[in-house]
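The values are calculated or read from the model by the stated rules, or taken from the named source; none is laboratory data. Computed from a prediction, not measured in an experiment: that's the story for all the values here. Here the Cβ is made from the backbone with ideal geometry for all residues, glycine too, and neighbour counts use every protein chain on show.
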Amino acid sequence: MYRYDEFDAAFVKERTAQFSDQVARRLSGELNEDQFRPLRLMNGLYLQLHAYMLRIAVPYGTMNSRQMRTLAHIARTYDRGYGHFTTRQNIQFNWPKLRDIPKILEDLAAVEMHAIQTSGNCIRNITTDQFAGAAADEIIDPRPVAEILRQWSSLHPEFSYLPRKFKIAMSGSTADRAAIRFHDIGLQATTNGLGEIGWQVWVGGGLGRTPMIAKMISGFVPHEHLLAYLESILRVYNRYGRRDNKYKARIKILVHETGIETIREQVEEEFAHVKGGVLTLPQEELDRITRYFAEPDYELVNQTSVDVAREKILNPPYGRWLERNLNAHRQAGYVSITISLKPVGGAPGDATDKQMDVIADLAERYSHDELRVSHEQNIVLPYVKITDLPSVYATLVEHGLAEGNAGQITDIICCPGLDFCALANARSIPLAQELTRKFAAPERQAEIGDLKIKISGCINACGHHHVGHIGILGVEKKGTELYQITVGGDATENAAIGDILGHGFVAEDVPNAIERLVDAYIARRESPSEPFIAAFRRLGKQPFKEALYGDA
Amino acid sequence: MEILTGNELMSGATVYLDRSGKWVEELQQARVFLKEESEAKDAALAVTKKGGRVISLEVETVTLRDGAIYPDRIRERIRAEGPTAPRFDRQHLDEDGHVSI
């Protein structure tokens, strides 16, 4: 993992001291709220419905056990004993008091963490594949480049006041597990005709009130010119992005209204000026950063596979967990494990302080002291020996973390919704809880197979509803929470935005409506191996519309 | 009918302006402003804003149901009670968090 150098440590320490002083001045009345608000937002501190909310950055979703233990300590000491992992691979605490924030930031700085640029119109946390550096299908580990982008974008003076926030996601494999086509910039590892590895660059994707699939702006940018190319995109956006209307200020609107060809020409023109200058990334610097992400010292493991079918007979819950929650590893004898934060009836993405400590212990003991946050609001242990699986599973069972449902209907992405969020129009967590209860039976989940439900409590789409195979959007109409259902969204390399099929439903009717969609799929699929999303693509929306609303 | 609500600076707790000019936690103690009391309401807002200890000030419309204050918006009903799922007690004021205008 990357370790702070002197510059990193100094700037985080300096910012912590600066913000501590700003809090003190706010509490003494020297600063008023209008003066203080932008300062607290620059440090990830929001005011939500019931209290402040502190959003802490987890760069490219990667942490070590010491950092996770510090998050557990913050949850226990300054909050209410839990934290909420987000779709941006960050963590949020919902109940901190203003006077405690300086102490929290000091604790974070001690383990090389902070909350800088988790809010505001700047470049936010760079996100990536939760299996980076471990996945069997990877072209390149994206984390060294993600770290370089983190350094480039941190406190970048030119990009601290962009027209709107800016999100970058990257994937080191052809399978997109980071939803890169729904980010302002998406980077996909690729090779050119010479077999050299570089980056396909996508621009102008996003969700929110105007969902857009990103367009490819360049098929291949080599590592050495990536910073210059991204800087060129940001400059074009900074120059031409709208500042008169926040709803039209994201780069997706600029790309849509200007056209990708024109944007590409503008970027290329800027790139011609910038290319070969100070932003050229020297190979030795890339190598230096890459060494921080060197593969762990793998052991030679005799057992290189696990007999899932056998385990499903002997211990069905364990068998199900093996079947759903393991990801193929590049190293024989190893797997990556998804620790589900989606227990039946739970709040998606929430973990208690005790659970965070347990996960930290597991990472330290079984996963080379490393863990990941996924954008699907789960935790990943990236480097686990197959022979250690029984021990890891036993510990997870003991602490309520052994749900074997990764990628299934109960593995729901869900924003905090109107229970916490000041922007929301409707609650989302209660709906997620109800749906997990309805589909709790493991046999039913196995029968349904891969199906992603994503729920947002407002049009800002933090719960990614547009790209759910089934998406649910909460709205308020005449004092009642209503839920619009979309079908056919896909966040992967087969990117698609879901279709709204008709009128919304009251909360009580949503679980049965979802069940009708599921039943329609099962009745019409070619075989149990045809997933929901494939069946939707083959069948079109009509059968699903009929399932929801009848054939009238 | 309207009430004044906001969040207390140090705790972030939801508070309501009561009849005696204090910012309190209980929705049912909130002063209900009638249409003809808009001057008093605006004055209270101005003084509070100047004081700086209650932030994110909002005017919320309410109705009375069996004598109890009932906010029109779901959002406000959740703010008054705390999150419904996972169920948590609402945020409370610290000992030194009590504010008057």
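Scanning region A:31-62 for residues that are more than 13 Å from A:ILE101 (Cα to Cα), assigned to a helix (DSSP H, G or I) and within 11 Å of chain B (Cβ to nearest Cβ) gives A:GLU33, A:ASP34, A:GLN35, A:PHE36, A:ARG37. Against the list (1) surrounded by fewer than 24 Cβ atoms within 10 Å (Cβ to Cβ); (2) among the small types (Gly, Ala, Ser); (3) more than 14 Å from every other protein chain (Cβ to nearest Cβ), the condition A:SER336 fails is (1).
Residues in region A:1-35 that are in contact (Cβ under 8 Å) with a residue 40 or more places away in the chain, surrounded by 13 or more Cβ atoms within 10 Å (Cβ to Cβ) and among the basic types (Lys, Arg): A:LYS13, A:ARG15, A:ARG26. Every condition in (1) more than 25 Å from A:TYR334 (Cα to Cα); (2) in contact (Cβ under 8 Å) with a residue 12 or more places away in the chain; (3) surrounded by fewer than 21 Cβ atoms within 10 Å (Cβ to Cβ); (4) assigned by TED's automatic domain parsing to the domain that holds A:GLY205 is met by A:SER119 except one, and the failing one is (4). Checking each residue in region A:425-434 for being more than 8 Å from chain B (Cβ to nearest Cβ) and within 20 Å of the chain's Cα centre (by Cα) picks out A:SER428, A:ALA432. A:ARG437 passes every criterion in (1) charged (D, E, K, R); (2) touching a residue at least 40 places away in the same chain (Cβ under 8 Å); (3) more than 14 Å from chain B (Cβ to nearest Cβ) apart from (3).
When residues in region A:453-483 are screened for being within 11 Å of A:ASN425 (Cβ to Cβ) and either among the aromatic types (Phe, Trp, Tyr) or more than 14 Å from chain B (Cβ to nearest Cβ) (or both), 5 of them pass. Looking at A:GLU476, A:GLU493, A:GLU508, just one residue is at pLDDT below 95 and either within 21 Å of the chain's Cα centre (by Cα) or of a type outside the set (A, V, I, L, M, F, W, C) (or both), and that residue is A:GLU476. Every test in (1) buried (at least 19 other Cβ atoms within 10 Å of the Cβ); (2) under 21 Å from A:ASN238 (Cβ atoms); (3) not aromatic (Phe, Trp, Tyr) is passed by A:PRO157 save one, and that test is (1). Note on region B:91-101: among residues that are assigned to a loop (DSSP other than H, G, I, E, B) and of a type in the set (A, V, I, L, M), the one that is farthest from the other protein chains (Cβ to nearest Cβ) is B:ILE101. Close Cβ contacts (under 6 Å, 6 or more residues apart or on different chains) running from residues in region A:202-213 that are assigned by TED's automatic domain parsing to the domain that holds A:GLN188 and crowded, with 24+ Cβ neighbours inside 10 Å to residues that are modelled with pLDDT under 95 and not acidic (Asp, Glu) are absent. With a requirement of 2 or more residues that are more than 13 Å from B:ILE101 (Cβ to Cβ) and either within 10 Å of another protein chain (Cβ to nearest Cβ) or touching a helix residue (DSSP H, G or I) at 6+ places or on another chain (Cβ under 7 Å) (or both), the strands (runs of 3 or more DSSP E) lying completely within region B:1-90 that satisfy it span B:2-8, B:54-65, B:68-71.
The set of residues from region A:88-143 being among the polar types (S, T, N, Q), more than 15 Å from the chain's Cα centre (by Cα) and either assigned to a strand (DSSP E or B) or more than 24 Å from A:PHE159 (Cβ to Cβ) (or both) comprises just one member, A:ASN94. In region A:156-170, the condition of being among the polar types (S, T, N, Q) and in a strand (DSSP E or B) is met by no residue. Within region A:250-294, the set of residues being closer than 30 Å to A:MET63 by Cα and among the polar types (S, T, N, Q) comprises A:THR280, A:GLN283, A:THR290.
Meeting the requirement of 3 or more residues that are within 30 Å of B:PRO83 (Cα to Cα) and in contact with a Gly (Cβ under 8 Å, 6 or more places away or on another chain), the strands (runs of 3 or more DSSP E) wholly within region A:236-352 are A:350-352.
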